[in-house]
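Please read the structure below before turning to the comments.
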Amino acid sequence: MGLANYAEHFLKTCGMTREALLVPGRKFEATLKAKVPHLYEEMQGIAAGSGQEVIDIVLLNSRFEIVLTAGDAHAQLKMMDGCSTYGQIYNAQVWAAQNWDWQSNQKDQLVHLVISPAGKPKCHILTEGGLVGKIGINEAGVVINVNAIKATNLDTSKLPIHVLLRVPLECANREDAVQRMGELGAASVGHVSVVPLPTRIGRAESFQVMISDPSGISSLETNPDGPWAANHLDSHGRVFHTNHLIVPDRSASMREVFFLKDTGPRLARLKQLVDETLAAILLKGAGVNGTTNGVNGANGVNRVQDKALPSHESIFQLLKDEQGAPFGICRAGTTEMPSETIFSIVRNCSERRSRVAIGRPCDVKEWVELAF
């Protein structure tokens, strides 16, 4: 389960020994027992099956909160993360995609969970051994994406991100997911996507989370100390995010610590690639007089775009881009910066179907299909 990897990780990134980690760990353990006893019981089972202590499993599930809200050794955080997310609605088809970038030594800890809980939707989750949630899709077509964002906001009375990410996958639609996440709260700042947009939801620290279902996409920057910030879809039904706060009118209570220099260029590059794809569609449809075939006026872009549905293959082309290497959308680890793309996932929420590239999408080790 990578306990040794994370013991080293905690020490390098925030200077915390296991004894120091037990302080926030015990607080999160009490929160999990009170708010999501079924997931705490799951952690007890993981501990029993692996011969570990339950508190160590709690620490694994709280790792982002511990590291990303730490006040010490910020320079060491340059070694971590780099995830890029993208969602779009095309002609009533909802797509959600992500590269998951993380420490190279965690590649062998990747697991595919297939969960069939009583009274809840069946779901597929791609995560690390010992974690109860991360990136996934359920049989109702509810999808979750996430980006880490460093901020000093922390509330241990709310759920750690990897536990919170399990919640939408237990819901039949995004409305239920938003309500349930709001009831439970979240411990930190980050990015998620949910529809409809909530006015206020709690979380223990900051993250960007994207939640999608067959009816659409919501992209939110979470905040444990105030309202979440809505990252609205653009005029073409698209949403993008990397590892920094981007919503202009976000709450002043979100105390970001900018920690990845490449997050801005990656966001710009992802938008550029999608814009170039749209431009190519328009060029292909252009007539000799410079107008688009069968399309007139300012709405031409949207109407031509509606005729050109994306595919798993075309979106994977975006995710394998290496501009800015080794720190591009498709990330390559180095000795100094051992963070790389561990898997890429493209999901059609409308069809409840996902395709996963294990490894960097420009060097795929294995393809996995997730369907119901």
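Residue-by-condition table, conditions (1) modelled with pLDDT under 90; (2) assigned to a loop (DSSP other than H, G, I, E, B):
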| residue | (1), (2) |
| --- | --- |
| Val209 | yes, no |
| Ser219 | yes, no |
| Asp249 | yes, yes |
| Leu260 | yes, yes |
| Ala268 | no, no |
| Gln272 | no, no |
| Thr277 | yes, no |
| Asn289 | yes, yes |
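Say whether the condition of being crowded, with 22+ Cβ neighbours inside 10 Å, part of a loop (DSSP other than H, G, I, E, B) and not hydrophobic (A, V, I, L, M, F, W, C) is met by at least one residue in the stretch 231-241. Yes, the stretch 231-241 has at least one match. When you look at Leu39, is it modelled with pLDDT of 95 or more, under 22 Å from Leu220 (Cβ atoms) and outside any strand (DSSP E or B), yes or no? So Leu39 passes the test.
Of the strands (runs of 3 or more DSSP E) lying entirely inside the stretch 87-150, those containing at least 2 residues that are farther than 21 Å from Glu170 by Cβ and assigned by TED's automatic domain parsing to the domain that holds Thr242 are 93-103, 143-148. The C-beta contact set for the stretch 166-178 (first residue within 18 Å of Val36 (Cβ to Cβ), second residue among the aliphatic types (A, V, I, L, M) and in a helix (DSSP H, G or I), distance under 8 angstrom, 6+ apart or interchain) comprises Arg166/Leu39; Val167/Ala177; Val167/Met181; Val167/Leu184; Pro168/Ala177; Pro168/Met181; Cys171/Ala177. Restricting the first member to the stretch 58-84 and to residues that are more than 12 Å from Tyr6 (Cβ to Cβ) and part of a loop (DSSP other than H, G, I, E, B), and the second to residues that are modelled with pLDDT of 55 or more and basic (Lys, Arg), the beta-carbon pairs closer than 6 Å and six or more apart or on different chains are Gly82/Arg331.
Checking Asn153 against (1) under 26 Å from Lys320 (Cβ atoms); (2) modelled with pLDDT under 90, which single condition isn't satisfied? Status for Asn153: all satisfied but (1). Apart from one condition, Arg331 fits all of (1) among the charged types (D, E, K, R); (2) surrounded by fewer than 22 Cβ atoms within 10 Å (Cβ to Cβ); (3) at pLDDT 80 or above; the exception is (2). Against the numbered list (1) surrounded by fewer than 23 Cβ atoms within 10 Å (Cβ to Cβ); (2) of a type in the set (Ser, Thr, Tyr); (3) assigned to a strand (DSSP E or B), Ser157 comes up short only at (3).
Filtered by the rule that a residue be outside any strand (DSSP E or B), surrounded by 19 or more Cβ atoms within 10 Å (Cβ to Cβ) and out of contact with any Cys (no Cβ under 6 Å at 6 or more places or on another chain), the stretch 334-372 gives Cys349, Arg352. Does the stretch 116-123 contain any residue that is at pLDDT 95 or above and crowded, with 24+ Cβ neighbours inside 10 Å? Looking for residues that are at pLDDT 95 or above and crowded, with 24+ Cβ neighbours inside 10 Å, one finds at least one in the stretch 116-123, hence yes.
The values are calculated or read from the model by the stated rules, or taken from the named source; none is laboratory data. Everything numeric here is computed off the predicted structure, so don't read it as measured data. Note that we place each Cβ from the backbone using ideal geometry, even for glycine, and neighbour counts take in every protein chain shown.
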